[in-house]
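Okay, so here's the structure we're looking at.
The values are calculated or read from the model by the stated rules, or taken from the named source; none is laboratory data. No experiment lies behind these values; they were computed from the predicted model shown. All Cβ positions, glycine included, derive from the backbone under ideal geometry; neighbour counts span all protein chains shown. Heads up: the accessible areas ignore ligands, DNA and RNA and are worked out on the full protein's heavy atoms, side chains in. Shrake-Rupley method; radii C 1.70, N 1.55, O 1.52, S 1.80 Å.
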Amino acid sequence: MDRTFTSRFIPANESFTHMQDQPYVDLDAIAWMAMEQYGFFPAFPRPVVREVGALPEDTFADPPGDPRDLRSLLWSSIDNHDSQDLDQIEVCERGKNGAIRVRVAIADVDALVPKGSWTDRHAAHNGTSVYTGVVTFPMLPDRLSAGLSSLLPGRDHMAVVIEYTVLPDGSTKPGGVYRAIVANHAKLVYEEVGDWLAGAGPAPRTVAETPGFAEQVLLQHEAATRMKKRRTEQGALALETIEAEPVVAGGRVLELVVQEQNLARCLIEEFMVAANGSLTAFLAAAGLPMIHRIVRTPKNWPGIVREAAEHGETLPAEPNAEALTRFLIRQKAADPDRFPDLSLTIVKLMGAGEYVAFRPGETPVGHFALAVTDYTHGTAPNRRYVDLIIQRLVKSVINDARYPPYTPEELDDLALHLTDREKASQKVERFVRKAAAAVLLRDRIGESFAAFVTGASEKGTYVRLIDPPAEGKVVLGEEGLRVGQRVRVRLMATDPYRGFIDFEHTGEEKRVTGPGPAEQPSGEPGSRSRRP
């Protein structure tokens with residue numbers, strides 16, 4: 001349901017202390033306040049609601065141009081079980097000499113959200129959907145992102161199709177980019193497909209019951225495995241971080257869960273990395289300016305070198321992604337429990353990902369973590385505004401437009417703005433996760449927990465509990481603690497409205513086991529993205 005502007009925030013004159021004393025914590029209100037605090041519009045204004053409401057249900061009864069009809073192909077999506085805002089579907093076929101032809105269809109969101117419309121301007125301001133685990137704030141109204149512009153099964157869709165070929169050595173060769181009519185034949189779930197591919201569970205029902213579907217998904221897995229092996233050899237970083245999402249029901253936080261990386265998530269990630277690379281090649285061949293997604297060569301490489309030295313290893317004096325990858329692989333094998341904390345340290349030392357405008361003829365900065373040079377975000381136009389920009393640029397080439405839809409100067413401003421919005425969205429999500437963890441723990445004051453030290457600096461010393469995987473600050477006994485150390489801590493206080501969880505260090509912890517970390521080789525998944 002579309003939200004309209006209403007006053008549902010806690011009054012400014014009501015103290016946090018008073019709110020904390022209340023038996024019920026309104027996590028929805030906390031999420032809405034966080035959105036406003038970081039400059040987002042959490043509700044859709046009435047002009048957007050009216051504009052989207054006026055769209056006909058059958059938006060593509062008479063599709064413009066001459067799109068290809070690819071509805072007969074065995075398209076499928078793989079996403080979270082509750083995802084409705086599906087941006088992409090995939091299909092493969094075997095080619096000659098061991099090659100695998102991949103098609104990735106991206107929802108044609110631009111056809112429903114014209115540039116300059118009320119809906120477009122709202123989406124441009126927010127820049128991204130924000131997933132707090134408590135409330136989802138979609139970039140586009142649900143009637144679009146979870147309906148008309150979503151590639152859900154059960155109806156035909158207009159899409160922009162990206163083709164590329166995966167060669168036996170895992171390298172990719174970009175192919176065509178064109179408009180097509182497609183139909184999703186199966187909405188698959190990461191956990192079910194991942195377990196099946198790993199031999200830990202049965203084939204999903206749709207896969208088992210639809211002729212040819214098992215072979216189709218296995219072929220996709222084969223292509224993804226080739227590409228992942230190739231990127232790893234070239235230095236793509238295999239990082240793991242833990243981001244515990246709250247499970248909320250009836251206004252209560254039931255638990256914190258860590259999203260497990262599996263073969264299905266790797267499949268989608270590899271397909272999207274290759275598709276985004278193909279989009280940059282397509283736009284470059286047309287001589288168009290665009291926006292690149294980059295992770296710069298680490299300026300704090302000496303800090304990464306020092307971190308490796310503390311683990312008894314030597315890295316080159318100059319940035320080297322392959323050497324760093326080999327170091328990370330060895331550390332994961334040697335100490336899997338503490339590897340997520342090492343990964344987090346490396347991510348911070350590398351610096352965040354960002355968007356930059358790119359003009360033809362310039363030297364690309366590249367994406368250090370992905371081990372790719374020319375890269376963008378163009379596969380999630382329902383969820384990220386930069387992807388909608390890329391889609392409009394691509395369609396201008398397909399349609400032989402006289403002028404591109406954006407000038408280089410517009411792209412400069414948009415890249416800066418969308419980088420800012422991405423960082424802000426991460427702050428909102430992090431704050432609400434902390435608030436939810438504080439709610440979960442508020443009745444356990446005085447209890448003792450096993451934990452890892454995740455941060456130790458002038459700003460404070462922080463730990464992550466093993467179970468539940470909540471993070472907080474050590475406010476007593478923090479002297480001398482170091483990152484990665486196993487400790488015992490006692491919960492002293494929680495404050496959901498400030499996202500505070502305070503601990504006292506009470507001793508060492510010799511053995512702990514915790515929830516499996518969520519491996520994020522590049523932080524560039526195809527759906528709810530967590531990106532460096």
**Item:** Arg296-Asp58 pseudo-label distance in nm [points 7 Å out on the Cα-to-Cβ vector]
**Value:** 5.4 nm
**Message:** Give me the percent relative contact order of the chain, please, defined on Cα pairs under 8 angstrom at least 6 residues apart.
**Reply:** 17 percent
**Message:** Which of the three applies to segment 258-347, rounded, prolate or oblate, going by the alpha-carbon gyration tensor with a ≥ b ≥ c and a/c under 1.5 meaning rounded?
**Reply:** oblate
**Asked** So what's the Cα pair-distance distribution over segment 140-267, bin width 10 Å, in %?
**Response** 10, 26, 38, 23, 3, 0
**Message:** As an exercise, use a Förster radius of 30 Å and the Cβ-Cβ distance of Ala249 and Lys423 to find the FRET efficiency, rounded to the nearest 0.05.
**Reply:** 0.50
**Request:** Measure out, as a whole number of angstrom, how far apart the alpha-carbon centroids of segment 227-260 and segment 115-140 sit.
**Result:** 23 Å
**Prompt:** Amide H to amide H under 5 Å from Phe500: which residues, 5+ apart in sequence or cross-chain, H placed 1.01 Å off N in plane?
**Reply:** Asp495
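Cα-based Rg of segment 364-426 per 2.2 N^0.38 Å, rounded to two decimals?
Numbers: Rg = 13.0 Å, N = 63, 2.2 N^0.38 = 10.6 Å.
Relative to the 2.2 N^0.38 Å estimate, segment 364-426 comes out at 1.22.
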**Message:** No solvent, one uniform scatterer per C-alpha: report log10 I(q)/I(0) for segment 393-484 via the Debye equation at q = 0.13, 0.15, 0.18 1/Å, two decimals.
**Reply:** -0.64, -0.73, -0.91
**Prompt:** Tell me, what HN-Hα J-couplings in whole Hz come from the Karplus equation 6.51 cos²θ - 1.76 cosθ + 1.60 at θ = phi - 60° for each residue of segment 84-97, using x for Gly and Pro?
**Reply:** 10, 8, 7, 9, 9, 10, 9, 7, 10, 8, 6, x, 7, 6
**Net charge over other residues, Cβ less than 10 angstrom from the Cβ of Asp87 (K, R count +1; D, E count -1)** = -1
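If you add up the charges near Thr225, with Lys and Arg at +1 and Asp and Glu at -1, over every other residue whose beta carbon is less than 14 angstrom from its beta carbon, what do you get? Walk me through the numbers before you get to the answer.
Numbers: positive: Arg226, Lys228, Lys229, Arg230, Arg231, Arg265; negative: Asp169, Glu222, Glu233, Glu269, Glu270.
Combined, the nearby Lys, Arg, Asp and Glu give +1.
Which FRET efficiency value, to the nearest 0.05, do you get for Arg359 and Ser448 by plugging their Cβ-Cβ distance into 1/(1 + (r/R0)^6) with R0 = 35 Å? Can you show the working numbers first?
Working: r = 58 Å, r/R0 = 1.65.
Efficiency, from the Cβ-Cβ distance: 0.05.
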**Three-way shape label, segment 74-207, alpha-carbon gyration tensor, a/c 1.5** = oblate
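When ligands, DNA and RNA are left out and all protein chains stay put, how many square angstrom of accessible area per residue does the chain have with a 1.4 Å probe?
43 Å²
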**Request:** Starting from the Cα coordinates of the chain, work out the convex hull volume and express it per residue in Å³.
**Result:** 163 Å³
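About its Cα centre, how strong a charge dipole does segment 215-345 have in debye, to the nearest 20, once Lys and Arg get +1 and Asp and Glu get -1 at the Cβ? Show your work: numbers first, answer last.
Numbers: 15 positive and 18 negative charges, 90 e Å.
Here the size comes out at about 440 debye.
Give the carbon-plus-sulfur fraction of the accessible surface of segment 243-324 in %, rounded to a whole number; probe 1.4 Å, heavy atoms of protein chains only. Spell out each step's value before the answer.
Numbers: 1690 of 3380 Å².
Carbon-and-sulfur percentage of accessible area, whole number: 50.
Only loop residues by DSSP count here, and only those with at most 16 other Cβ atoms within 10 Å; note down the trypsin sites (Lys or Arg not before Pro) in segment 43-95 that meet that.
Counting only loop positions with at most 16 other Cβ atoms within 10 Å, the trypsin sites (Lys or Arg not before Pro) in segment 43-95 are Arg71.
Mean 1/r over all different Cα pairs, inverted: what Kirkwood radius does segment 273-322 give, in Å? Working shown, then result.
Numbers: mean 1/r = 0.0733 Å⁻¹.
So the Kirkwood estimate lands at 13.7 Å.
When the accessible area of segment 150-229 is computed with all protein chains present and a 1.4 Å probe, what percentage of it is carbon and sulfur? Please list the in-between numbers first.
Numbers: 1830 of 3320 Å².
Answer for segment 150-229: carbon and sulfur cover 55 percent of the accessible area.
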**Asked** Accessible surface of Ser117 in the full protein assembly, 1.4 angstrom probe, to the nearest 10 Å²?
**Response** 20 Å²
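Full-extension gain between Glu215 and Val397, please, as 0.36 nm times their residue separation minus the C-alpha to C-alpha distance.
Numbers: separation 182, 0.36 × 182 = 65.52 nm, distance 3.46 nm.
Separation in residues times 0.36 nm, less the Cα-Cα distance, equals 62.1 nm.
Does segment 25-133 come out rounded, prolate or oblate, given a ≥ b ≥ c as the square roots of the eigenvalues of its C-alpha gyration tensor, rounded meaning a/c under 1.5 and, failing that, prolate meaning a/b above b/c? Provide the component values of the computation, followed by the final result.
Details: a/c = 2.80, a/b = 1.61, b/c = 1.75.
Here segment 25-133 falls in the oblate category.
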**Asked** What's the percent breakdown of Cα-Cα distances in segment 335-380 across 5 Å bins, shortest bin first?
**Response** 5, 16, 21, 20, 15, 11, 8, 3, 2, 0
**Message:** Given the options Val130, Phe41, Leu418, identify the residue whose Cα lies farthest towards the positive end of the charge dipole of the chain (+1 on Cβ of Lys, Arg; -1 on Cβ of Asp, Glu).
**Reply:** Leu418
**Message:** With the crude spin-label approximation of a point 7 Å out along Cα→Cβ, what separation in nm comes out for Glu458 versus Asp169?
**Reply:** 5.0 nm
**Asked** With charges only on Cβ, +1 for K and R and -1 for D and E, what is the dipole size of the chain about its Cα centre, in debye, rounded to 20?
**Response** 560 debye
**Complete:** Once amide hydrogens are built 1.01 Å from N within the peptide plane, the residues lying 5 or more places from Gly175 or on another chain with amide H under 5 Å from its amide H are Glu163, Tyr164, Thr165
**Fill in**
Residues of segment 287-318 with backbone N under 15 Å of the label point set 7 Å from the Cα of Ala352 along Cα→Cβ are 294-296
**Prompt:** Rounded to the nearest 0.05, what FRET efficiency do Leu476 and Glu322 have when you use their Cβ-Cβ distance and R0 = 45 Å?
**Reply:** 0.55
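Net charge within 14 Å of Pro174 by Cβ-Cβ distance, Lys/Arg positive one each and Asp/Glu negative one each, not counting Pro174 itself? Don't jump to the answer; show the numbers that get you there.
Working: positive: Arg101, Arg103, Lys173; negative: Glu163, Asp374.
Result for the neighbourhood of Pro174: +1.
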**Message:** Within segment 376-457, what whole-number % of the accessible surface is contributed by carbon and sulfur, with the 1.4 Å probe and all protein chains included in the calculation?
**Reply:** 49 percent
**Message:** If packing is taken as the average count of other Cβ atoms within 10 Å, what order do 489-501, 366-378, 436-448 fall into, highest mean first?
**Reply:** 366-378, 489-501, 436-448
**Request:** Starting from the Cα-Cα distance between Asp28 and Glu93, subtract it from 0.36 nm times their residue separation and give me the gain in nm to one decimal.
**Result:** 18.9 nm
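Just list whichever of Lys96/Lys228; Lys228/Lys473; Lys299/Lys332; Lys115/Lys427; Lys299/Lys473; Lys229/Lys427 have alpha carbons separated by over 30 Å in the model shown. Write down the numbers at each step before the final one.
Values: Lys96/Lys228 21 Å; Lys228/Lys473 37 Å; Lys299/Lys332 24 Å; Lys115/Lys427 28 Å; Lys299/Lys473 28 Å; Lys229/Lys427 33 Å.
Flagged as over cut-off: Lys228/Lys473; Lys229/Lys427.
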**Request:** Check every DSSP H run in the chain and write down those whose alpha carbon atoms cover 24 angstrom or more along the long axis and whose mean Kyte-Doolittle hydropathy is 1.0 or greater.
**Result:** 263-285
